[in-house]
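Inspection log for the structure reproduced underneath, given as structure tokens.
The values are calculated or read from the model by the stated rules, or taken from the named source; none is laboratory data. From a predicted model like this one, the values you see are computed outputs, not experimental measurements. Ideal geometry is used to build each Cβ from the backbone, glycine not excepted, and the neighbour counts take in all protein chains shown.
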Amino acid sequence: MSDQQTIDQIVGRICASKKYGSIRRETVARIVSDCAIRYKGKQIEQQSRNILHQMWGAYWETRPDFKKLTASVNQSLSSGSDIREIIRSLLLLHASTNERISLLPEFYERIFSVTGTPDSIVDHACGLNPLSIVYMDLPKQATYTAYDIDIEEVSFLNDVLTLLNIPHVQAYPGDVFDTPHTYADVVFMFKLLPLLEHQRKGSSLDVLKSQKCRHFVVSYTVKSIGGAEKGMAEFYTNQFTRLIENEKWHYTRILFASELVFVVQK
């Protein structure tokens, strides 16, 4: 059996699994191909699944049934529930946006105080973050383009944004490693760089340099699983400043209770 046949079989098994069936096939194939260079035999699939868990699976404590969730949103709207309360309940479902709940809307106020109010945003590895647009106070003409490797989640986002009558946000299946980069005033890459390094060590700077934007915003979580801050802000500050030390970029560091943010002007 050829190496490519082995890779194709592993990709097929992972994509057919209940846990990873909603991840875009191109991303699974990339990860498996990368692992096949470094590992042999059963380790290829084991390591591929480990990476997928680190970069995606770990962010869902309990993965929702998106069809039922969409129906619940529709019902809440019909009963007159406040849109922000509906969105808040959704943001709590995903670990990344759950951590950020207490920071809204200050989070975006402080970021946009550096970048200026953008007319266009791109959000890579977006999770449920596009729903937090209601906290951003953007102009009506602003566009928000979001990408995520989770096809079911992307479909859910578009369905809910339609229900909420937020037409200027559009989500697409996409991977920062292979999605064509279009210009945006501001590019969000929240908590993304450590995940890139899990997949391809040393890839972060190339990804940052490839962004077509006036500003990009990267962030790191600074709370451990137990909720304690254990020098993580200092660690990630040192890591990020070393990463970009040879670039002629100006950055602003913003430290929140649970998240460290760097706003970078290219």
Any hit, region 198-217, residues being touching a Ser or Thr at 6+ places or on another chain (Cβ under 7 Å), of a type in the set (A, V, I, L, M), at negative phi and in the same structural domain as Ile87 (by TED's automatic domain parsing)
no
Notebook entry, point to check: Does at least one position in region 33-48 carry a residue that is charged (D, E, K, R) and within 22 Å of Glu99 (Cβ to Cβ)?
Noted result: no
Taking region 242-264 and keeping residues more than 16 Å from Ser204 (Cα to Cα), touching a residue at least 60 places away in the same chain (Cβ under 8 Å) and in a strand (DSSP E or B) leaves Thr252, Ile254, Glu259
Within region 194-210, residues within 15 Å of His181 (Cα to Cα) and of a type in the set (Lys, Arg) come out as Lys209
Being part of a strand (DSSP E or B) and either surrounded by fewer than 21 Cβ atoms within 10 Å (Cβ to Cβ) or in contact with a helix residue (DSSP H, G or I) (Cβ under 8 Å, 6 or more places away or on another chain) (or both) is the requirement here; does Asp206 meet it? no
Requested in this report: Would you check if there is a residue in region 139-155 being assigned to a helix (DSSP H, G or I), in the same structural domain as Asp178 (by TED's automatic domain parsing), of a type outside the set (Lys, Arg) and free of Cβ contacts under 8 Å to residues at least 40 places away in the same chain?
Outcome: yes
Considering region 22-54, residues that are part of a loop (DSSP other than H, G, I, E, B) and at pLDDT below 95, and then whichever is nearest to Ala125 (Cα to Cα), we arrive at Tyr39
